[in-house]
1. Sort 80, 110 by heavy-atom solvent-accessible area, probe 1.4 angstrom, most to least.
2. About its Cα centre, what dipole magnitude does the chain give when the only charges are +1 on Lys and Arg Cβ and -1 on Asp and Glu Cβ, stated in debye to the nearest 20?
3. May I ask you to derive the relative contact order of the chain, considering only C-alpha pairs under 8 Å and at least 6 residues apart, and to give it as an integer percent?
4. Looking at 21, 47, 85, which one has the Cα that reaches farthest to the positive end of the dipole of the chain (charges on Cβ: Lys, Arg +1; Asp, Glu -1)?
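The values are calculated or read from the model by the stated rules, or taken from the named source; none is laboratory data. Remember, it's a predicted structure, so these values are computed and weren't measured experimentally. Positions of Cβ are backbone-derived with ideal geometry, glycine not excepted, and every protein chain shown enters the neighbour counts. Surface areas here come from the heavy atoms of the whole protein model, side chains and all, with no ligands, DNA or RNA. Shrake-Rupley method; radii C 1.70, N 1.55, O 1.52, S 1.80 Å.
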Amino acid sequence: QVQLVESGGGSVQPGGSLRLSCAASGSMFSTYVMNWYRQAPGKERELVAGITNRGNTNYVDSVKGRFTISRDNAKNTVYLQMNSLKPEDTAVYYCNAQRVLTNYWGKGTLVTVSS
């Protein structure tokens, strides 16, 4: 079992920055692909960024060049650095741990981008 706890959400003005953290409990964190998803009001959940156990990353086009995902396996933590935030980035952001036949989710953290 893996438990995921997100933190770092909040309210920020357009152009601002936030860093989300996701702390994982349980063993074998380094073997999981870690992802950040988001869900805006009235929209489906979408994959924002992912990082493999080897550090390979991928991003949805809308955040490329603005968001950076990273992981610290020694701390069992994955991060999402979000810069140049836009109102359309407003959503609940969820941490996800994925491995073959297993999938774990955090409860989410709200990010609001508004002037």
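1. Numbers: 80 0, 110 100 Å².
Of 80, 110, the descending order of accessible area is 110, 80.
2. Values: 12 positive and 7 negative charges, 37 e Å.
About 180 debye.
3. Working: 280 pairs, mean separation 42.1, N = 115.
37 percent.
4. 21
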